[in-house]
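Encoded as structure tokens, the structure appears first; notes follow it.
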Amino acid sequence: MGVSRRKIGYHRRMPHRSHGSGQFRVEQLAACGDECVFEAGVLIFHPENVELGRNVYVGHQSILKGYYNSKMRIGDETWIGQQCFFHSGGGLSIGARVGIGPGVKILTSAHREAGRQTPILFSPIDFAPVVIEDDADIGVGAILLPGVTIGRGAQIGAGAVVAESVPAYAVAAGVPARVLRERAP
């Protein structure tokens, strides 16, 4: 099964502009189930494209970086630790009952190599979705790169850099992350 990827062309060299403050009101979200908790300092960009299920916890100073043309979906009873950064330019789907440790970064876009003549900042950007299936656990400080799927019930170790998909019920850790074993039945 391939990953759907989008590409955009070279950045036009234009002045940088603000993405806004990230301050939001719950009613601005595309969906927000009952009993959700947003701790102090949580920022949500493009809340109209962010959907949260029931009883989702979002920890202090986390940033949910919604995107103007992609969705961020977070399932019921998911727990997101403090100071996380989630980018959904390529699309982000987080299942139900997922535990996400403090400081986790989820990226759905990356600059493509365009040669030395092009500054990396101005090179084309590739977008690819990240999917975290139900009941998975992402350790403190882990980084998930564009296009990966974390299978149902998989566990990602603290500080791992996940560049390839991890199958259901696997335990993966390291830089780059690799599967160490399967979880006990």
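Nothing in this text is a laboratory measurement; each read-out follows from the coordinates by a stated rule. Just so it is clear, the model here is predicted, and its values are computed rather than measured. Reconstructed Cβ throughout: ideal geometry from the backbone, glycine too, with neighbour counts over all protein chains shown.
I'm spelling it out carefully: the read-out is log10 I(q)/I(0) by the Debye sum over Cα atoms at q = 0.10, 0.19 Å⁻¹, the candidates are (i) -0.56, -1.16; (ii) -0.40, -1.29; (iii) -0.39, -1.49, and one was derived from this structure. Which label?
Correct label is (ii).
Take R54 and E39, extend 7 Å from each Cα along the Cα→Cβ direction, and tell me the distance between the two endpoints in nm.
Rounded to a tenth, the inter-label distance reads 2.4 nm.
Can you list the residues, at least 5 places off or on another chain, whose amide H is less than 5 Å from the amide H of A168, using H built in the peptide plane?
Distant-sequence amide H within range of A168: G151, R152.
If you wrap a convex hull around the Cα atoms of the stretch 79-185, how much volume per residue is inside, in Å³?
That works out to 91 Å³ per residue.
First select every other residue whose beta carbon is under 13 angstrom from the beta carbon of S165; then total the charges, Lys and Arg +1, Asp and Glu -1.
Charge balance near S165 sits at 0.
Which whole-number percentage describes the relative contact order of the chain, with Cα contacts under 8 Å and a sequence gap of 6 or more?
15
Please give the contour-minus-distance gain from S21 to K105: 0.36 nm per residue of separation, less the Cα-Cα distance, rounded to one decimal in nm.
28.3 nm
Which ³J(HN,Hα) values, rounded to whole Hz and listed in residue order, are derived for the stretch 103-109 from phi using the Karplus coefficients 6.51, -1.76 and 1.60 in 6.51 cos²θ - 1.76 cosθ + 1.60 with θ = phi - 60°, glycine and proline given as x?
Each residue's phi maps through the Karplus curve to give x, 6, 10, 10, 10, 10, 8 Hz.
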